[in-house]
Every structure is written in C-alpha cells, then in structure tokens.
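See below for the structure under consideration.
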Amino acid sequence: MHKWTVNEAPQGLRVLISGFQSWSEAELRPLTDVQPCPGQGWRVEQGHDPGFPPSGEAGVWRSHTVLALVRADGSGWVGSVGDATRTFAQWEARAGAADVTVTCTLEGPEVPVTWEESGNVIATLEARATELGAAMGARTPAPLRVWCSWYSYYREVTLDAMLDNARLTREHGLDFDVFQLDDGFQTFLGDWEDPSSHFGGHARELPARLAELGFTAGLWLAPFLVQPQSRLFRDHPEWLLRGEDGAPLAFGNNWGGPYHALDTTHPGALAWIRELGRTVRGWGYTYLKIDFLYGATQPGVRHDPAVGRAEAYRMGLQAFRDGVGEDAFILACGAPLAQSIGLVDAMRTGPDVAPLWDEESRRVWLGDATGPSARNALHTALSRWYQHAWYQPDPDVAICRRELSLLNATEREAIAGMLDVIGGLRASSDPISMLDEEGLALLRRCLTVSTPDRPATLAAPYGDAVTHFTRGTFNLTDRAQDGLPAHGYRPRTGKEQP
Ligand code: 9PG
C-alpha cells in the first residue's frame, strides 16, 4: 500500500472521485461530506465494487484509478497510475483533524503509482489520463450517432419497432449511423440465440433489413452474465464464478432476481464468449453494446486462482474482442473503466438517463445514485470529462420527446448541453413518430458531433459534480444559482467573465 500525508486542513478541500464501473458515482465534493454507500448488498454488487465499496463515512472518500484533492484556487493534488490492464488501483482520502491521509492499494501486479502536488488539478488530471490512455493503447474512434431501443421500448422491443424507427429516421433525414437493438430480444441471459416470444422475429434478421436502409446494425448483449433459468446455466455449471462454498455466485438483482457470471479464467467459458462474438458478427452486427461487464470482476473462486479480478475481466473482454474482430465497434457498459482501455471503442461513463430528473427515494434514502435519472447521468458523466483519452465517452441518450417523459424543457436542454460538453457518442431512443418539429430540432442538435470540452474551474460547482465548463455551466442543484434555473444549462455567450 502506498501512503502520503497532506498537511492541509480538510475543511478547505474538495475531493474528485470516480467510482468503479460505468454506473458508479463520480463526484466533486467537500472532503468532509459523507461518501454515500447503498445499504443493501445487492445494490453494492450492481453499482460498485464489493471488494472496495464507497466508504459510507464522513471525510473518507474512495475512488478507482484516479483521485484528486482540490483547493479553492484550483491547485491541489492528483493521484494516478501508469497501467490498469491487470491491476485495480484503490484510492482513499481520509480527513484527519488538521491533515489528510491518502492511500493507494493495488489489487493485482505492481504498477507505477503517482501522487503529485499541482498548481492546476484540471490540467494535471487530463495529462495523467492521456498518459494512461496512451500506455494502454486507447481506441478513440470518431463519435457515432446511435439510435437505441432501450429508453422507449425497454424489454418490450420488437423487430417491427426497430424497422419502423429506422424507416422514419430516413424519411426525416436524421443523421443516425447505427440502429442498436437493446435488451429484450432474447429469452434468457446466456441463451442469446433463442428469441423472446414477443420480439416477433429473430435478431439475426435485422442487420440485412437495416443495411437496406443504410444503417449499421447494433446489438446489446450481457456476455458475461448467466440467468439461472438459461440452458447455459444447466449445461455448463463448471463455467460459473463460484463462492467459497463452491456454489455458483448469485448477485445483483435485475430480470426478476439475482443472476450469475461466467468465470472468465475458465478456458471453456472463454471459448464460449469468443464464439458468441463470432456468432453475432456472423449475423451482421458490427456494433456491440456489451453490458453488465462488471459481473466478471465479482470477488469469488476462479478456475485459475493465479489470475486476479482485473486480469480475469480483461481475459473475458479480450475473448469477446477476438470473437467480433478488430474492426467491430464495442461500447462497454456497466464496465470497470480503466481496465477496459484499449479493448473497447466507447464506454458508458455514467448511469442511465431516464425520462425524469431525479429519483430521490433511491438516491437519498437508499444511498444509491447509480440508478437511472437525468440528474445521476449528468452528475457522473460530467465528473469524468477527462476520460475521453481512454475511449469514446458515452454519457447516454438525449431525450427530446415530450410524451412519455417527466422532463421539462430546461432539463432536456441540460442533457443536450452534457452531450455537447462531453463530445463523445450521441444516442437517442425516442420513437421518431413521437417527435414534433420542436422535438426533431432538438434531436438534430443533439446529433451534432462536438469535441470534448474542459472544466473552467472545480472551485464552486453548482452541485456535487463538475459543473463549470468553458462552453457553459450546469446547475445540478434544486434551486436557481446566479440566475441559472435549477437543473439548467447556460451556454457561454463569450461576453461574460469566465
Ligand atoms: C438493459 C439496460 C440498458 C441500459 C444499461 C443497463 O442499477 N440497475 O438496476 C440498473 C439496471 C439496468 C441498467 C442499469 C442499471 O441498464 O445501462 O442502457 O442497456 O441495461 O437491461
């Protein structure tokens, strides 16, 4: 374990952290605040690393791969590592009475660890992130514009709904590159070739139909998860990650209950993952959204006990990459972040957007800000702005429709502002038929590709996140700040003081 003492009063510092996987919070908070941690174990498994969960304590902040302490003048300290392929770097800042203790624990092989004082935390963090990306061979392709079925159709998606939206997209001349089928086409996780009864066809029928309309075909998979009802679970119990008691581990809670994960150190499981990649590529899918990847990192008993959790994850991811091919586009989701660099093209860098601003009950009372909401998505994706050096960031979908949505115009504009500032992948799930002129105009703006922006300051955020960028300012609080409405975004006009 690496350890440092910062001789500075904790009351004057903010801490910038990044949680374990796509959905785990990233935040910018007063160091003396409480780092929230869900009370329920399955929420920790599904949203965080149970091997290094958030502290749940006042003045104790845990972060993965990087951590920064920021003074009011923008100077401070930055912690970073030189490699993440086989190692988790677990950072902790602990406020004392008049100083701060910082530790970095490596789970996996030794890697270079740096803790440095900086006159400009924004610039130093960006520089270290860029170095890590370069060291790991980051893939940073040009941003794609993706229509995804999830945020309107959820698990009720049908083949016809996909094709109807693709046709309407052409009629309206909207600039989508990819049409991506999400969760719901399959029977059970693991049995990817068995269509669900409501889908009205088979996923392999879609790519040719989309190609006729000029679109790349995208498919969602959770390639490391296994539902207990699946044939895969019955046929290959030896491929599953196990607990100390020898029984397959069940964790999380989605699809009606807990689920299992493949042991990605088992050669049989790896061969199956590779073959799954090859199969869906053979169906014509060249864009793959692979989700719930954190499943392969769960603490447990593995076939090869010499392989650590980070390396086990990477072996599973490499197998999938080998199966789909070098030229396929992989978007990772629910995935450990830095451990994916170099193998994925894009990464979800926050929780799901939802057609509502906030779900206070889950966030505040259950201590879980990893759930779907516009507020949670902005909060975390904005606080990970520097990760564009690791992959193409995906801050999740714009919501431009007014039907089937509780978002107001201010909140829709805040999501659009986030897409512009993050400068990564563009996505939408809106049924095209639900969009009137106003909705179409907002969608067209949201599909306009941009370069990543930088924060103007970390000193006085409007909320517990990075909110002040050079192109504009977000207000993630529930009240107006300096004339900017609650939940709003104000682009800079160039006339005001920075
Ligand atoms: C499909 C969805 C979509 C979405 C993904 C992921 O914490 N949770 O309970 C939780 C459930 C689902 C979820 C994220 C978090 O969504 O991010 O885009 O693909 O799976 O099931």
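The values are calculated or read from the model by the stated rules, or taken from the named source; none is laboratory data. Quantities reported herein were computed from a predicted structural model and do not represent experimental measurements. Here Cβ is always computed from backbone atoms with ideal geometry, including for glycine, and neighbour counts include all displayed protein chains. The accessibility values were calculated without ligands, DNA or RNA, using every heavy atom of the protein model including side chains. Shrake-Rupley method; radii C 1.70, N 1.55, O 1.52, S 1.80 Å.
Every residue in the range 229-253 that is touching a helix residue (DSSP H, G or I) at 6+ places or on another chain (Cβ under 7 Å) and either open to solvent by less than 10 Å² (accessible area, probe 1.4 Å) or under 18 Å from Asp183 (Cα atoms) (or both), please.
Scanning the range 229-253 gives Phe251, Gly252, Asn253.
Filter the range 132-149 down to the residues that are in a helix (DSSP H, G or I) and closer than 12 Å to His388 by Cα and list them by number.
Matches in the range 132-149: Leu132, Gly133, Ala134.
What number goes with the only condition from (1) within 28 Å of Phe176 (Cα to Cα); (2) at pLDDT below 95; (3) hydrophobic (A, V, I, L, M, F, W, C) that Ala460 does not pass?
(1)
Looking at the range 314-354 only, could you name the residues that are more than 18 Å from Ala389 (Cβ to Cβ), assigned to a loop (DSSP other than H, G, I, E, B) and away from the ligand (no atom under 14 Å from the Cβ)?
Listed by number, the residues that qualify are Gly325, Glu326, Asp327, Ala328.
Quick one: in the range 236-255, of everything that is of a type outside the set (A, V, I, L, M) and closer than 30 Å to Phe329 by Cα, which residue is nearest to the ligand (Cβ to nearest atom)?
Just the residues of the range 236-255 that are of a type outside the set (A, V, I, L, M), to begin with: 236-239, 242-246, 248, 251-255.
With closer than 30 Å to Phe329 by Cα added as a condition, the list becomes 236, 239, 251-255.
Working: His236: 23, Trp239: 22, Phe251: 12, Gly252: 8, Asn253: 7, Asn254: 5, Trp255: 8 Å.
Ranking the qualifying residues of the range 236-255, first place goes to Asn254.
Looking at the structure I just gave you, is Ala310 surrounded by fewer than 24 Cβ atoms within 10 Å (Cβ to Cβ), away from the ligand (no atom under 16 Å from the Cβ) and part of a helix (DSSP H, G or I)?
Criteria met by Ala310.
State whether the residues of the range 202-209 include one that is within 16 Å of the ligand (Cβ to nearest atom) and either out of contact with any Gly (no Cβ under 6 Å at 6 or more places or on another chain) or among the charged types (D, E, K, R) (or both).
yes
For the range 83-104, give me each residue that is within 23 Å of the chain's Cα centre (by Cα) and open to solvent by 30 Å² or more (accessible area, probe 1.4 Å).
Correct list: Asp83, Thr85, Arg86.
Examine the range 355-363 for a residue that is open to solvent by 10 Å² or more (accessible area, probe 1.4 Å) and under 14 Å from Ser24 (Cβ atoms), and state whether such a residue exists.
Looking for residues that are open to solvent by 10 Å² or more (accessible area, probe 1.4 Å) and under 14 Å from Ser24 (Cβ atoms), one finds at least one in the range 355-363, hence yes.
Confirm whether Asp73 is away from the ligand (no atom under 16 Å from the Cβ) and more than 27 Å from Tyr294 (Cβ to Cβ). Lay out the reasoning, then the answer.
Numbers: away from the ligand (no atom under 16 Å from the Cβ): yes; more than 27 Å from Tyr294 (Cβ to Cβ): yes.
When the stated conditions are applied, Asp73 passes them.
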